[in-house]
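Bear in mind that the values in this text are calculations on the coordinates, not laboratory data. Values in this document were obtained by computation on a predicted structure and should not be read as measured data. All Cβ positions, glycine included, derive from the backbone under ideal geometry; neighbour counts span all protein chains shown.
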Amino acid sequence: MLTFVKAIANADRLRIIGLLSQHSARRAEIAEKLGLSIRDTFNHLSFLEHVGVISQQDGMYELQPDHLEKLARSQLATERKGYVPAPELDEKTRKVLKIYLNADGSIRQIPSSVDRPAQFQIILEYLIQAFTPNRDYTEKEVNAIIKRFNEDISGLRRDLVDAGMLARESDGSRYWRVR
């Protein structure tokens, strides 16, 4: 799924797909018509070719609409299940986790600590469960754990410390979960 999303998530790649849906073209023509640099055009074409959306023969690029359709259909063919919180959690917590978590348990969106403090607190409580009590962590280890959940590593690390859930030495050399 990630490959499909990456293929269509970039505006320039979508423009290339649109151009090639009209006719085959060479790299220089694509770059010129779309106002892209040759290097950017090459990178986008390489990615699209790798995914199988386009093909290239003798310098001519053409859209592979059957493969694009197949990729799209495969993403819609199976029902995607959402994150299912543990049954022992209270109803409010379960509802918040369903809203803010992806199917794999990663954090889809971090609620605002100002506008939605209760939801924000639930997300932090969910995240702190990844840390073992009575264990010291380096900043690198903390970052690796948080990264499994969300890309905002430094923000979430700071939020956990500010909430008193995670403590640290003043120089950042050691972190630990607070009981």
If one compares the long axis through the Cα atoms of helix 91-100 with the longest principal axis of the Cα atoms of the chain, the angle in degrees, nearest 10, works out at 30
Taking Cα atoms, how many degrees apart are the long axis of helix 11-22 and the longest axis of the chain, rounded to 10 and kept between 0 and 90? 30
Matching label, Cα Rg over 2.2 N^0.38 Å computed from the structure shown, candidates (1) 1.44; (2) 1.50; (3) 1.29: (1)
Mind ranking 54-64, 32-42 by how tightly packed they are, going by the mean number of other C-beta atoms within 10 angstrom, highest first? 54-64, 32-42
Positive-end residue, the range 25-155 charge dipole about Cα centroid, Cβ charges, pick of Leu45, Ile123, Leu89: Leu89
Charge dipole of the range 112-164 built from unit charges on the beta carbon (Lys, Arg +1; Asp, Glu -1), centred at mean Cα; most positive-end Cα among Tyr137, Ser112, Ile153 is Tyr137
Using +1 on the beta carbon of Lys and Arg, -1 on that of Asp and Glu, and nothing else charged, what's the dipole of the range 91-177 about the Cα centre, debye to 20? 300
Placed amide H near Leu101: partners under 5 Å, 5+ positions off or other chain: Arg108
Long-range lysine pairs (8 or more apart or interchain), the chain, Cα under 24 Å: 11
Cα centroid distance between the range 118-158 and the range 4-45, in Å? 39
³J(HN,Hα), Karplus 6.51/-1.76/1.60, whole Hz, each residue of the range 23-40, x for Gly, Pro: 6, 5, 7, 8, 4, 4, 5, 4, 4, 5, 5, 9, x, 10, 6, 4, 5, 4
Per DSSP helix of 4 or more residues, -39500 (n - 2.57); summed, then divided by the residues of the chain. What does that give at 222 nm, rounded to the nearest 500? -16000 deg cm²/dmol
